[in-house]
Structure formats: structure tokens, C-alpha cells
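Structure, as C-alpha cells:
The values are calculated or read from the model by the stated rules, or taken from the named source; none is laboratory data. Only a predicted model underlies this, so the values are computations on that prediction, with no experimental measurement involved. Positions of Cβ are generated from backbone atoms using ideal geometry, with glycine treated the same way; all protein chains shown enter the neighbour counts. Please note that ligands, DNA and RNA were not included when accessible areas were found on the heavy atoms of the full protein model with its side chains. Shrake-Rupley method; radii C 1.70, N 1.55, O 1.52, S 1.80 Å.
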Amino acid sequence: MRILSVGPMGLCVLMMVAVGCSDDDGQGDNSNGENSNQPGVDSGTTPDSGPILQDGGVIPPAPSCEPAPGGGSPDVAEPTVLVTLADRWHESWLASPAVADLDEDGTPEIVIARAELLLVWHADGSEVWRADTGGRTWSSPVVGDLVAGSPGLEVALAARDTIYAFDADGNDLPGFPVIWRDELRSLAAGDIDGDGEPELVAVTTSPLNDNNQRDIIIAYHMDGSLVAGFPPNTTSASGCDDRCYVTGGYDQNLALGDVNGDGALDIFATQDNAYLSLHDGTGFAFDANPIFDHPTKFLGVRFLHDYDLAQQGWANDEDTADQAHFTNSAPAVADVDGDGTYELVVLASVQNAAQTDRLRGVALWVLHPDGSRPAAWVTPFHAPDYLAGLWDYDGTNVVAATNQVTVADLDPDRTGPEFLFAGFDGRIHCVDAVATEVWSFTYTTDDRVLTGGVLVADLSGDGSPEVVFASYSPDADKSHLFVLDSGGNLLHQLLLPMRGSMAVPTIADADGDGTLEIVVNLKDGEDQQRMVLVYTVPGSADNCLIWPTGRGNLLRNGFVP
């Protein structure tokens, strides 16, 4: 037997509605695969103490959340379909559903973004309102109290080159829509300028070139006006005058969090190279730590795995040196070491520095806002095996894996949060705050099956959270909805129709009855028959929603406060 342990932070209920505050880029193991009812669980490294492997997984740790009234149950009921929502044939992309009481009448709404449509339903299947966006919506709809003093909640989303914003009844907000650059695949909300009101921040795949600089980040006030200092580089607000290596950003590659402690949220954006962008709410680019030989700004730090080489800025042997590639990276901002300050957390694909070998798996990075690395993360955690996930499935409208990291407290006895993510190896990995792998779960050995990302919520009310995710494939009848316990043991695996769901599901009380639902935005739309599946989980409660939707919350900002 091997020994393991697990760990975290005490986030327990991450609010479903927070208020105001390249298509581009490892061998699987011999565990049971996608066509089996029992995919395998692999352990990671073996610390001196912790749960013991049991039946292929690890014994779940003690509950990390307060239980529901009555104490709940250790048994997690199998999700069952409560309602099927349907409209037309339109496909979905990566847009995670939203569940919120938009008009504050006591009945939640389900908000779904599809190609060319934003649809709002009640859980009984009745349509509340819709909006025609005219283009696919890649990122998830933002929902929150975005306009001070207005009744209800607002909804914002990006479709192609346009940002839309609606009131609770589906009317356009004054000043919207606004148009910037095609394609806006990331949209998040948060107070970036410290005025107490949220702004909308977006990232484009098509950089703006002007004044010998490039920009991919834009920010708007909720009246549709530009935030001063944006776009940051081409306006000179960033102060970046050398080694400003900006290029297009893909796949929800945006997080907002207060990394400098000034009370306003900062903007962390990943992009299609080995560099990252980090700006405050004035557009100013964060400075690089002086340990880096050349760049004055964080934007110019090249993220080679070897810390000495990263400080040098180049590899002695580009054929062998590992480096990050952040094309499809969906990042987060969290206090990893419990010191009261926030770190940057990001999952990257791995390639050699020469970019001739791109199938080197994925790596998890934790960074300070000056590009330096905490002691436990001097070397990123590397899951090197490769099965699939770097490339789109050509001709299918089914895209590569989003390198998305989930931050969650799974074990109260371990310091700091855990990080959960899908590798390119058909596995879900759980890694603790000091870069030790706790467990990994093999959900597939098929190179035509991927997942969009992982949710964490208590589905039985006992205070011990479960891990939930959906898979997708260019092939029909290979995709599933998975429920694991906090030790990475399979509890339920339910077949999803057609090509599954590229979007991260959402866990919330969708019908207002006090129990939780899992809302799955299916890839395929079957005309007037099936587009969204709403599963209910008997015996669940909303006592512990740690990471219950795509990007962690309905502001879609990946921030763990």
C-alpha cells in the first residue's frame, strides 16, 4: 500500500453571485478506461502520513465544510434528470451555465449561452427571455449585481467581437452592446479601479497593434465606456517599453484578483506563448523581480521550467529545456500559502523551448506578481504524459482541452488549498499547496475524449465535497457526467448524449426547492428536443459550494477571496 495525504483553505461557500466587488495547445496508464464503469485511480507521491489507498483511490479526508442542517449523509445519491431544456439545433461551445434569481422574485433562472443565442429558462422548462447575439459565445455568461441601484441582477456575455449586457428582464443596458476585436473568448467582472462598482474585462484572440505595442485586454464600465488606461500597452498606460511579448489569448484565459493588496482587482491574462500579462486597474503593467536579467515588466518573463534559465531568459539547449505555453490556460488567483496575500495560479501545456516537441503534458504554476516563484513552486508541478488535448478535432467543431485549474479545500488537515485539473493524460489530478500530488483519477484512455474542467461541491450535505465534471468527444456516446468523492474515488458515471459537453457544468439550486441540481450545457442541440440537461441530486443542500461553476463564480473571474 502507498501512503498519501491531501489539503486546504476554508473557502466553504463560494458565492454563486458575487457582488460588486488557439485553438492550440503524457501516454495513458493501464487503468480501466472510458468504456468501463470503473475508471482507475492512480496515486501520486507518497508523503509520510495521510489517507491510505483503498480500492484504487484514497480514503476521503475529513469534511472541509460545515454540514447541512441535520448533518446530511455520507452517501451521495445518483443524479437523475429533472428536466430537459430545448430550443433549436444551435451548438454550444465552452459557456458554463449560470443559475441565479435574476428578477429577485424567489424563483431562480437558468442562463444558457449557445451559438447565436442567450436563453433564460425556469427549471420547469418555461422560457423567461432570450437574446440573439448573432455569433457563437465562447466564454460563460457573467451574472451579478453589476449596476448599482438597478432592480435585480444583470447578465453580460461576449459573442465574437461584441460584449452584450442585459438587465434582469433581458433589455439592453444603456451603452451596450460594445464592439472591440474578434474573437472575445474571455469575459469577467470585478472592481478593477477601486470605485466600488464592477467593470467588465475581456481578452481577444486578435491583438491590437498600435504605437509599436500590442494589446489583448480591454475593460469597460457598466455604462459601456472604456476604463481609463485600456487597452493598456498601446495607450502607454502599462509602462511596458521593452520585451512586451503580447499575443492572442484563447479559452477563458482571464482571472481578476487583488494581488497587490490595494483593494482593487488586478488583471491576469494568459496568451499563446510562454509569457503572461498582469495589469492593475489603471492599465499599469506589474514590474518584474530584479532576479530576471532582462525584462523590467512581468510581461517579459519567459516561463522556462528551470528557474535559473527563466531568470537568464533563454535556454542553453532549446531542444531539451521545458517551457510553458499558455494558449488555452484558464487561470485563478488565490492565497496558496495562507499568508494573506494572493498568488497567481495557472495550468500550462508543456513544450520544449525550441517548440519542436509540444507533447510534454501539462504543468501547474504558482507565481508571485513579480514573476518570482514561492519556495514550494520553484519547479512547476509537471504531469508529463500525453494522450490527447493539445489539438482541436478538425472538422468537428470540437476543440482542444482548456487548461483550467480549480482551487478547492478538500482536506482541512492539510495547509492551503488543493488544485484540481485535467491533464493531457486522461486523468484528473489533485495537487496540494506544496506541489505534491494527492491523487489522480483516470477518466479515459481514449484519445478522442476530453473534459472542460472540474467542479467542487457537497452533494450529500455531510460537509465533505464531491468532485464533478463532464467529458466530451467528437464521437457520439463516449461522454459522461462523473461524480467522485474527495479522495478521487468514482461514485457515479452517467452517459451523456451525443458528443457530451465541452462546457463546465454548474451546480446550484435551480428550482428553488433547497436541493442541488447539476446543469449540463450539451455540445449538441437537437431541435426542440434536447439542449440542456438539468440533473437533481436527492439529499443535497447548498451548504458547501466551493467551485460550483465555470471559472469558480458567476462573475467568471477565477478569484478565491
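Which order do the peptides 533-540, 101-108, 479-486 take when ranked by the mean count of other beta-carbon atoms within 10 Å per residue, highest first?
Details: 533-540: 21.8, 101-108: 15.1, 479-486: 24.2.
Packing proxy ranking, top to bottom: 479-486, 533-540, 101-108.
For Rg/Rh (Cα atoms, Kirkwood Rh), the choices are [x] 0.94; [y] 0.96; [z] 1.02; which was calculated from the structure?
The calculated read-out lines up with [x].
Above 15 angstrom, tally the Cα pairs of the range 73-118 and express them as a % of all pairs, no decimals. Could the numbers behind the result be given before it?
Details: 649 of 1035 pairs.
The calculated P(r) of the range 73-118 puts 63 percent of pairs beyond 15 Å.
Pop a pseudo-label 7 angstrom from the Cα along the beta-carbon direction at both Glu197 and Ser73 and give the gap in nm to one decimal.
Each label point lies 7 Å from its Cα, and together they span 4.9 nm.
Kirkwood hydrodynamic radius of the range 248-304 from all distinct Cα pairs, in Å? Write down the numbers at each step before the final one.
Values: mean 1/r = 0.0833 Å⁻¹.
Computed over Cα pairs of the range 248-304, the Kirkwood hydrodynamic radius comes out at 12.0 Å.
Run the quick spin-label model on Glu104 and Asp339: label points 7 Å from Cα toward the beta carbon, then report their separation in nm to one decimal.
In this crude spin-label approximation the distance works out to 4.1 nm.
Starting from 0.36 nm per residue, how many nanometres of slack lie between Asp308 and Thr80 once their C-alpha separation is accounted for?
Details: separation 228, 0.36 × 228 = 82.08 nm, distance 5.22 nm.
Once the chain is fully extended between Asp308 and Thr80, it gains 76.9 nm.
Taking R0 as 25 Å, what FRET efficiency do you get between Asp242 and Trp391 from their Cβ-Cβ distance, rounded to the nearest 0.05? Could you put the intermediate results ahead of the total?
Details: r = 34 Å, r/R0 = 1.34.
Efficiency computed from Cβ-Cβ geometry: 0.15.
Where does each of 214-221, 66-73, 109-116, 515-522 land if you order them by average Cβ count within 10 Å, highest first?
On the way: 214-221: 22.6, 66-73: 14.9, 109-116: 24.4, 515-522: 27.2.
Final packing ranking: 515-522, 109-116, 214-221, 66-73.
Counting only protein chains, not ligands or nucleic acids, how are Trp89, Trp365, Trp180 ordered by accessible area (probe 1.4 Å), most first?
Trp89, Trp180, Trp365
According to the Kirkwood expression over distinct Cα-Cα pairs, how big is the hydrodynamic radius of the range 407-546, in Å?
Its Kirkwood hydrodynamic radius stands at 15.5 Å.
Would you mind telling me the share, in percent, of accessible area of the chain contributed by carbon and sulfur at probe 1.4 angstrom?
Working: 8270 of 17750 Å².
Carbon and sulfur together cover 47 percent of it.
Considering only protein heavy atoms, what is the solvent-accessible area of His305 at a probe of 1.4 Å, reported in Å² to the nearest 10?
20 Å²
Give the accessible area for Ser236 in Å² (nearest 10); use a 1.4 Å probe, count only protein heavy atoms, and leave out ligands, DNA and RNA.
Solvent-accessible area, nearest 10 Å²: 90 Å².
Please give the solvent-accessible surface of Asp124 in Å², to the nearest 10, using a probe radius of 1.4 Å with every protein chain present.
Answer for Asp124: close to 120 Å² accessible.
So what is the diffusion coefficient of the range 362-412 in µm² per second by Stokes-Einstein at 25 °C and 0.890 mPa s, using a Kirkwood Rh over Cα pairs? The partial results should precede the final answer.
Details: Rh = 13.9 Å.
Calculated translational D: 177 µm²/s.
Counting Lys +1, Arg +1, Asp -1, Glu -1, what net charge surrounds Pro174 among other residues with beta carbon under 13 Å of its beta carbon?
On the way: positive: none; negative: Glu154, Asp167, Asp172, Asp223.
For residues surrounding Pro174, the net value is -4.
Post the alpha-carbon centroid distance, the range 177-227 to the range 396-438, in whole angstrom.
For the range 177-227 versus the range 396-438, the Cα centre distance is 28 Å.
If packing is taken as the mean number of other Cβ atoms within 10 Å per residue, what is the order of 181-194, 75-88, highest first?
On the way: 181-194: 23.4, 75-88: 16.9.
Descending packing order for the listed peptides: 181-194, 75-88.
For the chain, report the accessible area per residue in Å² (1.4 Å probe, heavy atoms, rounded to an integer).
Values: 17750 Å² over 561 residues.
I get 32 Å² per residue for this part.
Round to a whole angstrom and tell me the spacing of the C-alpha centers of the range 472-510 and the range 257-318.
35 Å
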